[in-house]
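The block underneath contains the structure these notes are about, expressed in structure tokens.
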Amino acid sequence: MTTATAIVAGHGLALRRSLPLPNPPGRPTTVSLSARSLPHARRRTIVPVSPSPRRPCRCRSISSESSTAASAASDTVEEDAEPAETYDEDEDEELDPQAEVCYLDPDADPEAIREWELDFCSRPILDARGKKVWELVVCDATLSLQFTRYFPNNAINSVTLRDALASVPEALGVPLPDRVRFFRSQMQTIITRACGELGLKAVPSRRCVSLLLWLDERYEAVYSRHPGFQAGTRPLLALDNPFPTTLPENLVGDKWAFVQLPFSAVREEVESLERRYAFGAGLDLDLLGFELDDSTLVPGVAVESSRAKPLAAWMNGLEICAMEVDTGRGSLILSAGVSTRYIYSGYEKTPAATQEAEAWEAAKKACGGLHFLAIQENLNSDGCVGFWLLLDLPPPPV
């Protein structure tokens, strides 16, 4: 018999219930829920910083009053949700949808940009031959670097991509990065080969948050206004969503808990990530436009393990991007890389357990998809060995 914490969305209340949670089939390790919430450091007020007006791309804004979840993308373009960001009409009129982007924030340190995010895929645009146009899109996590280039569909190969990537340093005066993240599994061979020839490490990962949001913005501001735009065109290379598989034994913890932290504490955890934790990953909350109240409770999952450091090290190599509850199967699902999904744990589908799982998902939705994963030596401890800030995002419309 274990204890679970139910989160009541919209009120930030925690109700404690005792729930029998059986081990997943074939799992010798006990996985349970705990009523303990993650401890956190003192609150500190942080004023969100607006993106520079010189920056072509603006990400969405999420507020406590009107937070919405990142819903699953629909089959057709017409059914896509209305974008959260707003546009200045004068700026939109100046945009040339056929122009390519080559931009570096003058305030950025070129030598500090050591990681790029990349997409290389077709767009819902036809060229003069009636064929789909392809586009390379490159940025960094802060959107200080932005680069795009169009290609005909008969020039798509690793050599084309390699040469295009090699031209970015020359065009923008920046060095080649150490790592390049990409989120389309279907392009892994081409991207890995092109990056390998340039001495870059290609990392398959859906933690390309800035890139995904920029693509969403470009769809509205650029692609849909291109003279060759084809409304209703489905993405050529849709994101994979495979059936979840069994979690490897080395990733199994001793206990796990639905927990919550005030937004102010989450920000502090992210800011102190490099100082306090050996493992984990954050998100640029200012760039993403999160404007939640400091007291807004952000849901998460805490994992207790007697071998917390090795567990955190293994988890750190997974490129964790999201956690979700599958109430139909009574499972907690961990998504990582570009197409990896694990059944992190199962639970008995009682009405009470289902209600708590649904409440956790509702709390995540109320925070615009923001949630976290923490690994601790003990759920009563004052710190974390690993902390990952996660964000549910819909697949890009292209």
*Trp314 to Asp127: extension gain in nm, 0.36 nm per residue of separation minus the Cα-Cα distance?*
62.8 nm
*What residue among Pro169, Ile125, Phe151 has its Cα farthest toward the positive end of the dipole of the range 116-204, where the charges are +1 on Lys, Arg and -1 on Asp, Glu, each on the Cβ?*
Ile125
*Once you charge only the Cβ atoms, +1 for Lys and Arg and -1 for Asp and Glu, what is the size of the charge dipole of the range 96-225 about its Cα centre, to the nearest 20 debye?*
760
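Just to verify a number: FRET efficiency for Arg225 and Ala171, C-beta to C-beta distance, R0 = 30 Å, to 0.05? Mind showing how you got there, number by number?
Working: r = 24 Å, r/R0 = 0.81.
Approximately 0.80, to the nearest 0.05.
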*If you line up the Cα atoms of the range 295-380 on their principal axes, what length do they span on each, largest first, in Å?*
35, 32, 29
*asked:* How long are the semi-axes of the equivalent ellipsoid of the range 94-133, taking √(5λ) for every eigenvalue λ of the Cα gyration tensor, in whole Å from largest down?
replied: 30, 15, 6
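Can you list, largest first and rounded to whole Å, the semi-axes you get for the range 243-398 by taking the square root of 5 times each eigenvalue of its Cα gyration tensor? All intermediate terms of the calculation are to be shown ahead of the outcome.
Values: eigenvalues 91, 78, 54 Å².
Over the Cα atoms of the range 243-398, the ellipsoid semi-axes are 21, 20, 16 Å.
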*Mind jotting down the three principal axis lengths of the range 134-183 based on Cα atoms? Whole angstrom, largest first.*
31, 23, 17
_Among Gly282, Pro227, Leu213, whose Cα projects farthest towards the positive end of the dipole of the range 173-322, with charges put on the beta-carbon of Lys, Arg (+1) and Asp, Glu (-1)?_
Pro227
*Pick out, in residue order, every one of the trypsin sites (Lys or Arg not before Pro) in the range 249-319 that is DSSP loop and has at most 16 other C-beta atoms within 10 Å; say none if there are none.*
Arg307
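Tell me the chymotrypsin sites (Phe, Trp or Tyr not before Pro) within the range 257-336 that lie in a loop according to DSSP and have at most 13 other beta-carbon atoms within 10 Å. Could the numbers behind the result be given before it?
Values: sites: Phe258, Phe263, Tyr277, Phe279, Phe290, Trp314; in loops: Tyr277.
In loop regions of the range 257-336 (DSSP not H, G, I, E or B), there are no sparsely surrounded chymotrypsin sites (Phe, Trp or Tyr not before Pro).
Report the GluC sites (Glu not before Pro) located in the range 304-398 that are in a DSSP loop and have at most 12 other Cβ atoms inside 10 Å of their Cβ, or state none.
Working: sites: Glu304, Glu319, Glu324, Glu348, Glu356, Glu358, Glu361, Glu377; in loops: Glu319, Glu348, Glu377.
Taking the range 304-398 and a limit of 12 other Cβ atoms within 10 Å, the loop GluC sites (Glu not before Pro) found are Glu348.
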*asked:* Report the gain in length on full extension from Asp109 to Ser295: 0.36 nm times residue separation, minus Cα-Cα distance, nm rounded to one decimal.
replied: 63.5 nm
*Determine, for each peptide in 129-135, 341-347, 216-222, the mean count of other beta carbons within 10 angstrom over its residues, then list the peptides with the highest first.*
341-347, 216-222, 129-135
*If you take the square roots of the eigenvalues of the alpha-carbon gyration tensor of the range 224-265 and sort them as a ≥ b ≥ c, do you get rounded (a/c under 1.5), prolate (a/b over b/c) or oblate?*
oblate
*asked:* How large is the translational diffusion coefficient of the range 96-225 in µm² per second when you combine the Kirkwood radius over alpha carbon pairs with Stokes-Einstein at 20 °C and 1.002 mPa s?
replied: 144
*Indicate the gyration tensor shape class of the range 165-242 (rounded, prolate or oblate), computed on the Cα atoms with a ≥ b ≥ c the square roots of the eigenvalues: a/c under 1.5 is rounded; otherwise a/b larger than b/c is prolate and the rest oblate.*
oblate
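Give me the extension gain from Asn157 to Ser306: residue separation times 0.36 nm, minus the current Cα-Cα distance, reported in nm with one decimal. Don't skip to the end; give the middle numbers.
Values: separation 149, 0.36 × 149 = 53.64 nm, distance 4.73 nm.
Stretched fully, the Asn157-Ser306 segment lengthens by 48.9 nm.
Values in this text are rule-based calculations from the coordinates and carry no lab data. Just so you know, these numbers come straight off a predicted model, no measurement behind them. We place every Cβ from the backbone using ideal geometry, glycine too, and count neighbours over all the protein chains shown.
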